[in-house]
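See below for the structure under consideration.
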Amino acid sequence: MTAIDAQLIHETAAKHGVPGSVAEELLVRSRPCVYLVQYEEVPASLREQARPAARTGGLPALPEGAEWPDGREPLILSVDCAALPRDALDIELPADGHLLFFSDIEYPPDSSAVLHVPAGTPTTEHPGTYDFDGESMQVRVYESHTLYPLVGLTLDEDWRDAPAAEAFAKGHDDVLDRFEEDFLEAAAGGTRPGVCVQIGGFSNSWDMAPDTDGLVLLAQLAGQAIDYEVFTLNLIVGTREDIAARRYDRLQYEQQC
């Protein structure tokens, strides 16, 4: 949390008549994230500086000799690590290269994978077919959409259980709602992305949050952000240590619908 964020949260609290103690509790229970959204969802004030940072679907650019992950799940997201806002996250991602996310978003995946292709690695676009017992099989290929980074903040879903917030909420629950919404919109440049991809931060899960007990969110992908007809929420979590060390084979995947 930067000094600017702290100033913003206290200004927003004062605007809504929320005590500073409540603002402080929200402050310590928030985490930064990067939303990946289509250009139309980037606030108008930020569009001139907006640069692509990811794309959904398409075919993967893989090093020579590399194959699709064993489960043959489709490529759902490619992230250009160097294009992410530097120092925007509190998890450690590669400084460059591409992160490729493979998973089934329509049904709970039997297997999923995140691969890092280092910058400078010679790659070729891999075809969407593979050989199985001498027969050519087709991998699902989703339509490709370019995504742009938008820095935002997320809240621990239990932040209102903190003493000052819990006390203030009695009789002021609607005020707290407006304060929270106003602050989160302001932190993301005046918008709250809906259907999107989120890197880092707290999950906004539909069921039990998977980012607990030492696990943090690497990515949250709404099915509709990949395919408008798919109504699932796909969450990828791991320990901070495994994410930083790029031990992506230890990540855990959960699908909610």
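The values are calculated or read from the model by the stated rules, or taken from the named source; none is laboratory data. Small disclaimer: the values here were computed from a predicted structure and weren't measured. Neighbour counts run over all protein chains shown; Cβ positions are idealised from the backbone, glycine included. Please note that ligands, DNA and RNA were not included when accessible areas were found on the heavy atoms of the full protein model with its side chains. Shrake-Rupley method; radii C 1.70, N 1.55, O 1.52, S 1.80 Å.
Looking across region 23-41 at every residue that is modelled with pLDDT under 95 and among the aliphatic types (A, V, I, L, M), the one that is surrounded by the fewest Cβ atoms within 10 Å (Cβ to Cβ) is identified as Val28.
Which ones in region 108-122 are more than 24 Å from the chain's Cα centre (by Cα) and open to solvent by 60 Å² or more (accessible area, probe 1.4 Å)? Result: Gly120, Pro122. Residue check: Glu229 meets all listed conditions (1) closer than 17 Å to Cys33 by Cα; (2) open to solvent by 60 Å² or more (accessible area, probe 1.4 Å) but one, namely (1).
Could you go through region 116-129 and let me know if any residue there is free of Cβ contacts under 8 Å to residues at least 60 places away in the same chain, within 18 Å of Leu221 (Cα to Cα) and in contact with an Asp or Glu (Cβ under 8 Å, 6 or more places away or on another chain). Checking region 116-129: not a single residue is free of Cβ contacts under 8 Å to residues at least 60 places away in the same chain, within 18 Å of Leu221 (Cα to Cα) and in contact with an Asp or Glu (Cβ under 8 Å, 6 or more places away or on another chain).
Candidates are the residues of region 207-226 that are acidic (Asp, Glu) and more than 30 Å from Gln7 (Cβ to Cβ); the one that is most open to solvent (accessible area, probe 1.4 Å) is Asp213. Every test in (1) closer than 27 Å to Thr146 by Cβ; (2) within 17 Å of the chain's Cα centre (by Cα) is passed by Gly190 save one, and that test is (2).
Just one of (1) under 16 Å from Val237 (Cα atoms); (2) open to solvent by less than 20 Å² (accessible area, probe 1.4 Å); (3) touching a residue at least 60 places away in the same chain (Cβ under 8 Å) fails for Pro60. It is (1). Quick one: would you say Leu235 is over 25 Å from Glu11 (Cβ atoms), of a type outside the set (Gly, Ala, Ser), in contact with a Pro (Cβ under 6 Å, 6 or more places away or on another chain) and touching a residue at least 24 places away in the same chain (Cβ under 8 Å)? For Leu235, the condition - over 25 Å from Glu11 (Cβ atoms), of a type outside the set (Gly, Ala, Ser), in contact with a Pro (Cβ under 6 Å, 6 or more places away or on another chain) and touching a residue at least 24 places away in the same chain (Cβ under 8 Å) - is met. Count of region 29-60 residues, restricted to those that are in contact with a strand residue (DSSP E or B) (Cβ under 8 Å, 6 or more places away or on another chain) and closer than 30 Å to Thr124 by Cα, is 17. Per the conditions (1) within 26 Å of Gly238 (Cα to Cα); (2) out of contact with any Leu (no Cβ under 8 Å at 6 or more places or on another chain); (3) open to solvent by less than 70 Å² (accessible area, probe 1.4 Å); (4) aromatic (Phe, Trp, Tyr), the sole criterion not satisfied by Tyr130 is (1). Considering Leu147, Leu153, the condition of being in contact with a helix residue (DSSP H, G or I) (Cβ under 7 Å, 6 or more places away or on another chain), under 30 Å from Asp211 (Cα atoms), of a type in the set (A, V, I, L, M, F, W, C) and surrounded by 12 or more Cβ atoms within 10 Å (Cβ to Cβ) is satisfied by Leu153 alone. Which residues, taken from region 75-94, are open to solvent by 50 Å² or more (accessible area, probe 1.4 Å), assigned to a loop (DSSP other than H, G, I, E, B) and either closer than 14 Å to Ala53 by Cα or small (Gly, Ala, Ser) (or both)? Answer for region 75-94, where residues must be open to solvent by 50 Å² or more (accessible area, probe 1.4 Å), assigned to a loop (DSSP other than H, G, I, E, B) and either closer than 14 Å to Ala53 by Cα or small (Gly, Ala, Ser) (or both): just Arg86.
Note on region 168-206: among residues that are among the small types (Gly, Ala, Ser) and assigned to a helix (DSSP H, G or I), the one that is surrounded by the most Cβ atoms within 10 Å (Cβ to Cβ) is Ala187.
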